1. Under the definition of Cα pairs under 8 Å and six or more residues apart, what whole-number percent is the relative contact order of the chain?
2. In degrees between 0 and 90, to the nearest 10, how far off the longest principal axis of the chain does helix 59-75 point, with axes built from Cα atoms?
3. What 222 nm value per residue comes from the helices of the chain, counting each DSSP H run with n ≥ 4 as -39,500 (n - 2.57) and dividing by all residues, nearest 500 deg cm²/dmol?
4. Taking R0 as 51 Å, what's the FRET efficiency between residue 116 and residue 263 from their Cβ-Cβ distance, rounded to 0.05?
5. Suppose R0 equals 22 Å; then what is the FRET efficiency for residue 247 and residue 41 from their Cβ-Cβ distance, rounded to the nearest 0.05?
6. What number, in percent, do you get for the relative contact order of the stretch 94-227 if the mean sequence gap of Cα pairs under 8 Å and at least 6 apart is divided by its residue count?
7. With the Cα gyration tensor of the stretch 42-278 giving a ≥ b ≥ c as the square roots of its eigenvalues, does the rule (a/c under 1.5 for rounded; else a/b larger than b/c for prolate; else oblate) give rounded, prolate or oblate?
8. Counting only DSSP beta bridges with both residues in the chain, what percent are antiparallel, rounded to the nearest 5?
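FYI, it's all coordinate maths here, none of it is from the lab. On a predicted model such as this, the values are computed, not experimentally measured, just so you know. Here the Cβ is made from the backbone with ideal geometry for all residues, glycine too, and neighbour counts use every protein chain on show.
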Amino acid sequence: MTSCSKCGGRPFYTRRYSGETLCEPCFRDSIVAKARRTVSKYRMIERGESVAVAVSGGKDSLSLLKVLHDLSAPGGYEVSAISVDEGVAGYRDEALAHARDLAAQLGVPHIVVSYRELFGFSLDEALDWKEGERDVSSCSFCGVFRRRAIDEAAARTNASVVATAHNLDDFVQTFLMNLMHGDVARLAWLDPAYSDDSFPLRRVKPFMEVYEEEVALFAYRSGMAFQSVSCPYMHEGLRSEVRDYLNQMEAAHPGMKNVMLGSALDVISRYSGSSGKRSVPCPRCGKPSSGGPCGVCRMKALLEQHVNQ
Ligand SMILES: [Zn+2]
Ligand SMILES: [Zn+2]
């Protein structure tokens, strides 16, 4: 039987793309080490900074909170947890409880903001009103508000950095989907080194070089409770087709996803330097916008039309 490539211990996981076999402690260490290298390579978090980790209560975000908490003392930064309550009856409460429990266990401050408090409606109500706006998917609609809510929560913790749990698979899927939608201008936002002087809150993805299946395994073996049911409004459509395609490619050609990530980053860095893409303040609310009213103000205007009818 093969033993752990690092310590000779009992085999637990074989990383097909590198051929290394790891015992469980070495596997866990490898995930933490990879996140640490990613953070340092892209200078995602500097010493003395305060990081707000966006925690939905699912396995990826709870793992990220745990990993960044482990890295925060040696890295010289502070970590807090922020969660968004979209207002989805029977779904969100369980996830928020998992986020609250882990934050308490780690001794990390936890802030929850709700759509109702920030925007005046719950997602349940908004999607009710949205009937008829079929050209806007529930997820892209909700995503616009969630990003704003995360910014608000981060501001309340005085964070200068927001960390989200997007993994390598999410990154490559988003890259490909932008190409498929003809949305090349959005590629600049994926640049891990992207910074925007006019809006100083940085967004970072410390798991962007870790395979989804490895984050999942890390979560399953860490003994924490997390929500596994997905949002009842989720209709992923194209994204799940892209996910299946990438998984098939990876099964036939181990390491393909790593290569795709490298290529995507190469394209993005060449593109984002020349695109000159910068946000400008939204004329209605003053928050970052790619031009004209921001997504939140546009979506709110759509909703108000329906409510006033
Ligand atoms: Zn080992
Ligand atoms: Zn606005």
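1. Computed over the chain, the figure is 20 percent.
2. 70 degrees
3. Result for the chain, helices only: -16000 deg cm²/dmol.
4. Efficiency, from the Cβ-Cβ distance: 0.75.
5. 0.30
6. Across the stretch 94-227, relative contact order equals 29 percent.
7. Rounded, since a/c falls under 1.5.
8. If we restrict to bridges inside the chain, about 20 percent are antiparallel.
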